[in-house]
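Worksheet for the structure shown next.
The values are calculated or read from the model by the stated rules, or taken from the named source; none is laboratory data. A quick note: this is a predicted structure, and the numbers were derived from the prediction, not measured. Note that we place each Cβ from the backbone using ideal geometry, even for glycine, and neighbour counts take in every protein chain shown. Heads up: the accessible areas ignore ligands, DNA and RNA and are worked out on the full protein's heavy atoms, side chains in. Shrake-Rupley method; radii C 1.70, N 1.55, O 1.52, S 1.80 Å.
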Amino acid sequence: MENASAPAPEKRAKPAAAPPKKAGRSTFVKVRKTSYGRILTDGKGRALYLFTRESTKAPACYGKCAEAWPPFYAKGKVKAGNGVKQGAIGVTTRRGRRAQVTYNGHPLYYYVTDRAPGQVTCQNVAEYGGTWLVVAPSGRPVH
């Protein structure tokens, strides 16, 4: 008589581990010392500007203006670095429904040729119907 043994139990594969959760995206506003004094920058140290034509948080820079002065868009929660007032940070919605960072009610922008941390290449320039100025941690424009 043959020994009829039960088939060996199947080995179950372990379920794949869930991929690690990505940290939530955040946008940072920081302060950096430059030749214009302490100014607001993004998280990578790029200078941020305000446009004097904008007296409210409603952006007025579109088209060719926004090509030269790209908006500082919010990606996730906007957080204050050292020296920045969290309560002064806000967002405004641009055409196209993208969120632009504001500080003391002013929309913030980059200048297209500013690439290096702390670089300020277009300070106190009159263009597109207003003047472009870097921003002090107080929220006031630097003249």
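Here's the yes/no breakdown for (1) touching a Gly at 6+ places or on another chain (Cβ under 7 Å); (2) farther than 19 Å from residue 57 by Cα; (3) of a type in the set (Gly, Ala, Ser):
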residue: 85; (1), (2), (3): no, no, no
residue: 91; (1), (2), (3): no, no, no
residue: 94; (1), (2), (3): no, no, no
residue: 104; (1), (2), (3): yes, no, no
residue: 114; (1), (2), (3): no, yes, no
residue: 124; (1), (2), (3): no, yes, no
residue: 137; (1), (2), (3): yes, no, no
Check your understanding: Pick from 85, 57: which is in contact with a strand residue (DSSP E or B) (Cβ under 9 Å, 6 or more places away or on another chain) and closer than 23 Å to residue 33 by Cβ?
Key -> 85
Exercise for review: Determine which member of the set 6, 23, 16 is among the aliphatic types (A, V, I, L, M), open to solvent by 80 Å² or more (accessible area, probe 1.4 Å), closer than 21 Å to residue 101 by Cα and at pLDDT below 95.
Suggested key: 23
**Study point:** Residue in region 39-50 that is of a type in the set (Phe, Trp, Tyr), modelled with pLDDT of 95 or more and assigned to a strand (DSSP E or B) present
**Key:** yes
